[in-house]
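Asks: Structure in C-alpha cells, see below.
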Ligand SMILES: Cc1cc2nc3c(=O)[nH]c(=O)nc-3n(C[C@H](O)[C@H](O)[C@H](O)COP(=O)(O)OP(=O)(O)OC[C@H]3O[C@@H](n4cnc5c(N)ncnc54)[C@H](O)[C@@H]3O)c2cc1C
C-alpha cells in the first residue's frame, strides 16, 4: 500500500511573523463549523492537505489531541471516495455510489474545511498557496493528496478506454467497465496487469482477478477464459509466506502469471496489448485482450 500521510515540517511559530498576526486578527471572524466549507484563515496549527482516507483519518486523530479549531483540511472535492470498495464494484458486488460520501459529512466536526485546491508548497516559510493566490501558514503540515493516475504513460491510453474491453479498477471513471466486461465475456484472454510504477494498492490487481475468476466459474464461462496476470514484479507478493500461499491459489485456479512484464501499449483496434520484458531490454510480448486492469503511475498533484 502507499503511505497515507507524511508530516513535513514543524518549524516554530515565531518564524511566521506577520502571517501569524494576521491570522490572529482574522480568527474571530470565522466560525468553526462541522464540515461546512469556510473561508480560509491565515494560519492553522495543523493543516491537512487532501480529504481522502489519509487526510480525514489524520485530521480526526489530531483533533482529538489538540482540540477543534486548530485543524483545517484543504480539499476541493464535494465528494469523498473510499477507493477499496472499487474492487467490489469491478466485480459487480457493490454499486459505485456506495463508495462515496458527501465531503461535508466525513470531515470531523470542528475541523475546518477549506474548499480549495493546493497550488504550491513553501516549506521554507511554513505556508502553502491555494486557489486565487491565497496563502495559509501552518505549524505542522500533513500531506495526503493521494496518487495521480497517469494512463497517458501507456501508449494508446486513455483514449483506449473508449473500447469496452479495456478498463482500470483504479479509476472512478472506468471502474464500472470491469463488471460490464465480465458480464459480456464469452471467451479469450482476460489480462490483469501490475504496473512498473508506484501503485495505490499492491493487492488490488490480484483481488479483482480472483473475483473475476470466481464470477467466470460461477457462470460456467471459466473454461473459455485464459486468465493472465502480467506483473512488472519478480514475485507474486513481497512477503515470502504470503507469496507461497498465493502461488498455491494461482495453481489451483489455473491462472497464468508472467513476471517482469510491463504494459507499454494498447492497440484496441487490433485487440492487442504490448508488454516490455523488463529483464530483456528491447524485447516485447504481444497478447490479445479482453480486459486490462490496473494501470497507474504516481505524480504529486
Ligand atoms: C481499486 C482499489 C482498491 C484498494 N484496496 C485497498 C485495500 O484493500 N486496502 C487498503 O488499505 N487500501 C486499498 N486501496 C488504497 C487506498 O484507497 C489508498 O491507499 C487511499 O485512498 C490513500 O489515501 P489518501 O488520502 O492518501 O489518498 P486519496 O484517498 O486518493 O485522497 C486524496 C485526496 O486529495 C485530494 N486532492 C488531490 N489533489 C489535491 C490538491 N491539489 N489540493 C487539494 N486536495 C487535493 C483528492 O481530491 C482526494 O480527496 C485501494 C485503492 C484502489 C484504487
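The values are calculated or read from the model by the stated rules, or taken from the named source; none is laboratory data. All values derive from a computational prediction rather than experimental measurement. Neighbour counts are summed over all protein chains in view; Cβ atoms, including those assigned to glycine, are modelled from backbone coordinates with ideal geometry.
Asks: Would it be correct to say that residue 198 is away from the ligand (no atom under 13 Å from the Cβ), at pLDDT below 90 and part of a loop (DSSP other than H, G, I, E, B)?
Replies: Judged against the criteria, residue 198 is not a match.
Asks: A further question follows. I'm trying to understand the selection: among the residues of segment 48-69, which are more than 11 Å from the ligand (Cβ to nearest atom) and either farther than 14 Å from residue 114 by Cα or modelled with pLDDT of 95 or more (or both)?
Replies: Within segment 48-69, 60, 61, 62, 63, 64, 65, 66, 67, 68 qualify.
Asks: Check 255, 208, 228 and return the single one that is crowded, with 18+ Cβ neighbours inside 10 Å and at pLDDT 95 or above.
Replies: On the way: 208 fails: at pLDDT 95 or above; 228 fails: at pLDDT 95 or above.
Result of the check over 255, 208, 228: 255.
Asks: Can you report the number of residues in segment 170-203 which are in contact with a strand residue (DSSP E or B) (Cβ under 9 Å, 6 or more places away or on another chain) and closer than 24 Å to residue 101 by Cβ?
Replies: Final tally of qualifying residues: 1.
Asks: Just for strands (runs of 3 or more DSSP E) wholly inside segment 38-145: which have at least 3 residues that are crowded, with 19+ Cβ neighbours inside 10 Å and not assigned by TED's automatic domain parsing to the domain that holds residue 185? Break it down into steps so the answer makes sense when it comes.
Replies: On the way: elements: 43-49, 71-74, 79-81, 100-102, 112-114, 118-122, 127-130, 135-143.
Result: 43-49, 71-74, 112-114, 127-130, 135-143.
Asks: Looking at 179, 113, which one is under 30 Å from residue 39 (Cβ atoms) and more than 9 Å from the ligand (Cβ to nearest atom)?
Replies: 113
Asks: Now for a separate question. Please go through (1) under 25 Å from the mean Cα position of the chain (by Cα); (2) at pLDDT below 95 for residue 235 and return the number of the only condition it doesn't satisfy.
Replies: The one condition residue 235 does not meet is (2).
Asks: Hey, can you tell me all the residues within segment 171-194 that are free of Cβ contacts under 8 Å to residues at least 60 places away in the same chain and within 16 Å of residue 218 (Cβ to Cβ)?
Replies: Answer for segment 171-194, where residues must be free of Cβ contacts under 8 Å to residues at least 60 places away in the same chain and within 16 Å of residue 218 (Cβ to Cβ): 184, 186.
Asks: From the list 172, 145, 149, which one is within 13 Å of the ligand (Cβ to nearest atom) and within 28 Å of residue 63 (Cα to Cα)?
Replies: Values: 172 fails: within 28 Å of residue 63 (Cα to Cα); 149 fails: within 28 Å of residue 63 (Cα to Cα).
Every option except 145 fails the conditions.
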